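The values are calculated or read from the model by the stated rules, or taken from the named source; none is laboratory data. Quick caveat, the model's predicted, so the values are computed rather than measured. Cβ: placed from backbone, ideal geometry, glycine included. Neighbour counts: every protein chain shown.
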């Protein structure tokens, strides 16, 4: 898709239409982004919603400045490692347990993005999603599949979960689904802003539902929530600068991986050859070794980012890559001496860009729905480590390791926007960011071709993880990777969801033309005014 008048790329066509409608009303990339986020809550509740968290990177075309929005929530003040041990959870929590509920940060994130960068108000921006929720929408095929899986595994076993079903089952492809409860939630926020979510009748409903389910989230936890505007982190890769949100998001892993790959001539290797894939996989093994240790809430344990992203550190770690053998035993480097999600991309006619990601974490999150309000509460607390010595150890009012990350690419010299992009999907996200960046920069692919290319994935985001390969990677490459010591698995059909779902919009700085792509692994599209 190519165009001039602004572009939206997302995993649901109706959400794309909502964003384009806001751009047509005179809204900018920030306004359209919030409209898309809210519409995705309606049309893809299997992945996202106002009961989850979000992160965003915003590029201001006039100043070429980039802001990073961290809208992730904190653990309840009453939740601690000691409490988990007393109650027998010292080995971990079930995925849908109410103790995995952290304060939902998305609503504050939407409001904060509009307050700093938007032109239109909440009533106009949320209107398309409210209308979709009230009037209903036709459920897309892939969404229907994941909805059915989520209904069986989460909604039917969770308090209030049946609100997001049709008499106890998921909507089928092409069926209309209406969500009066969510329309009520969004209308309340449109009228009262974020205060209407974190205080008052909606906050009371959230807390009461969590209490009845056995959790400990309080009204004080909700009222105390604040998002944060942060300085993004970045590295230079072959004349382009890749930007990510800082920890507690895992964008650091992408930057570490690209820093390692900068020392190799990837363009001189065939794209799906064993030599190139091996280098990319090994770079991500090292990147995850560091990210899974150092990524934590910086208010509790800041990571040594300047050192981790330095050329000296990259050279030291790059020396650990054996061009001929897999090295699954990589460990985090020393400090300097002395997990389902929606991602979407918006670029407006002026060249402002918003790279935005919103998530419940695993599918519907906990599946718990505050009675009568039409959205589920996330289970992002699963991102904490239960080792008290780990930087990411659970603690009261702490933010967990976050898998969701947006990305931006700019021209390193001029600072002008090159690409607004991201790849959603648990620990696939930094790997997807790296693979798409390589496709766009080293191979000069257009956005759709970059997204269509088969991917690899270190499945659990650890150095020792088995490597999943997508169909389309040549058999000779697979054979050689096995010989090099990689543990491989090929995933097909719906299992390909592991490889994430990305969106890309490129901008030509000379003409202002936009070129978009949308992942074939989802139901979405890229469209322009």
Of (1) surrounded by fewer than 24 Cβ atoms within 10 Å (Cβ to Cβ); (2) over 30 Å from residue 21 (Cα atoms); (3) touching a strand residue (DSSP E or B) at 6+ places or on another chain (Cβ under 8 Å), residue 102 satisfies every one except (1)
Residue check, residue 23 farther than 17 Å from residue 406 by Cβ and part of a helix (DSSP H, G or I): yes
Inside segment 379-402, the number of residues satisfying the requirement of being more than 19 Å from residue 51 (Cβ to Cβ), in a loop (DSSP other than H, G, I, E, B) and touching a helix residue (DSSP H, G or I) at 6+ places or on another chain (Cβ under 7 Å) is 5
Quick check on residue 370: is it closer than 22 Å to residue 163 by Cβ and either surrounded by 24 or more Cβ atoms within 10 Å (Cβ to Cβ) or touching a strand residue (DSSP E or B) at 6+ places or on another chain (Cβ under 9 Å) (or both)? yes
What residue, of 445, 434, 458, 382, is farther than 26 Å from residue 37 by Cα and out of contact with any strand residue (DSSP E or B) (no Cβ under 7 Å at 6 or more places or on another chain)? 445
Look at segment 320-364 and say how many of its residues are assigned to a loop (DSSP other than H, G, I, E, B), under 14 Å from the mean Cα position of the chain (by Cα) and at pLDDT 90 or above. 4
Considering only segment 191-236, state which residues are crowded, with 20+ Cβ neighbours inside 10 Å, within 25 Å of the chain's Cα centre (by Cα) and more than 25 Å from residue 34 (Cβ to Cβ). 210, 235
Condition check: farther than 30 Å from residue 329 by Cβ and surrounded by fewer than 24 Cβ atoms within 10 Å (Cβ to Cβ). Does residue 387 satisfy that? no
Here is a list: 124, 115, 78. Which entry is within 24 Å of residue 192 (Cβ to Cβ) and surrounded by fewer than 16 Cβ atoms within 10 Å (Cβ to Cβ)? 115
Out of all the residues in segment 397-413, is one or more within 24 Å of residue 303 (Cα to Cα), at pLDDT 95 or above and surrounded by fewer than 23 Cβ atoms within 10 Å (Cβ to Cβ)? yes
Of those in segment 493-521 that are outside any strand (DSSP E or B) and buried (at least 24 other Cβ atoms within 10 Å of the Cβ), the residue modelled with the lowest pLDDT is 500
